[in-house]
């Protein structure tokens, strides 16, 4: 088993109104960036998965998107990048959520 | 008539629903999201609130709660299920109703009274209203902007599955009377089979004239009297 880090990008489907994108578009124009034609706002979800292969990791992530991470009525998803050389470890890394943050969540 | 009112972590209208059911003579019972088994109730209601903090998308996490594993088959077997506000969002996420609710066009949390036209009175939820009646009910949400693909919208309109529409005082569905940008001013819909209903406004907050409106009362009376009328029928909550 290897560890894979995947970045999933969830974006509003074309034709679906994106009120956040619209508001940001407006703000950018107010700040003088009048050349901005369109703004769409989505979300990025980073996953670390243990899987047999990159293909299996991607298949897992696709299933997760279809079931939970994206709503097919309003959102598209893309699996952006796969990093395969992660060390296998059960210990949270120093820069990840420590006990303080864990207590808050 | 026994009505299960489901509480998810973050639900905040569950007691209002409970009280509304009780006020019209029903027997409400709370169910926690981790509970299993509906224990033969006659109907299920999913309340408003912010289940699981609305994380990911409103209703996206709640639909996978243990209790939903009982609510979905109950609905599929014809049991009456009502979702109000966050409950409507959960029903859409669960696939029991079509479409989705996205951020209000205004980008604001809208909290105000709205007017809705009752589009059908031949359902277990609306038979206490007059056809085309305009009712006044509060709404309070940030994600109430109803969306569906063109095919679904055509089916909703063609099969008369739009149950409530935002309208002005004259009963006209105008852009000005649309509080959140919903397609075709849709405020509430009903499933093709007619037993699952979802709406964004809060009828359970329109039960006392002291609080501004009693226009929600007929909805709860309709449900309870429909249940009483079909008591003994196998399709309603049999064995669940």
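The values are calculated or read from the model by the stated rules, or taken from the named source; none is laboratory data. Predicted, not measured: the structure shown is a model, and the values here were computed from it. Cβ: placed from backbone, ideal geometry, glycine included. Neighbour counts: every protein chain shown.
See the values below:
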read-out: Test: residue B:132 is more than 14 Å from chain A (Cβ to nearest Cβ) and more than 26 Å from residue B:207 (Cβ to Cβ); value: no
read-out: Filtered residue count, the stretch B:24-49, keeping only those that are within 15 Å of the chain's Cα centre (by Cα) and in a loop (DSSP other than H, G, I, E, B); value: 2
read-out: In the stretch A:15-49, residue surrounded by the most Cβ atoms within 10 Å (Cβ to Cβ) [restricted to those that are in contact (Cβ under 8 Å) with a residue 40 or more places away in the chain and more than 9 Å from chain B (Cβ to nearest Cβ)]; value: A:49
read-out: Selection count, the stretch A:60-84, where residues are touching a helix residue (DSSP H, G or I) at 6+ places or on another chain (Cβ under 8 Å) and in a strand (DSSP E or B); value: 4
read-out: Residue B:53 vs. criteria within 14 Å of another protein chain (Cβ to nearest Cβ), part of a helix (DSSP H, G or I), out of contact with any strand residue (DSSP E or B) (no Cβ under 8 Å at 6 or more places or on another chain) and surrounded by fewer than 21 Cβ atoms within 10 Å (Cβ to Cβ); value: yes
read-out: Exclusive hit being more than 12 Å from chain A (Cβ to nearest Cβ) and either within 17 Å of the chain's Cα centre (by Cα) or surrounded by 24 or more Cβ atoms within 10 Å (Cβ to Cβ) (or both), set B:90, B:102; value: B:90
read-out: Test for residue B:80: is it at pLDDT 95 or above and within 13 Å of chain A (Cβ to nearest Cβ); value: no
read-out: Number of the exception - residue B:13 against (1) surrounded by fewer than 21 Cβ atoms within 10 Å (Cβ to Cβ); (2) over 21 Å from residue B:124 (Cα atoms); (3) under 16 Å from the mean Cα position of the chain (by Cα); value: (1)
read-out: Condition met for residue B:95 (away from chain A (no Cβ under 13 Å) and part of a loop (DSSP other than H, G, I, E, B)); value: no
read-out: Filter result for residue B:107 (within 14 Å of chain A (Cβ to nearest Cβ), modelled with pLDDT under 95 and either within 18 Å of residue B:199 (Cβ to Cβ) or part of a loop (DSSP other than H, G, I, E, B) (or both)); value: yes
read-out: Residues of the stretch B:141-184 classified as away from every other protein chain (no Cβ under 14 Å), more than 16 Å from the chain's Cα centre (by Cα) and closer than 16 Å to residue B:198 by Cβ, total; value: 2
read-out: Tally of residues being buried (at least 17 other Cβ atoms within 10 Å of the Cβ) and assigned to a loop (DSSP other than H, G, I, E, B) across the stretch B:116-132; value: 10
read-out: Residue in the stretch A:20-30 that is under 18 Å from residue B:59 (Cβ atoms), within 18 Å of the chain's Cα centre (by Cα) and modelled with pLDDT of 90 or more present; value: no
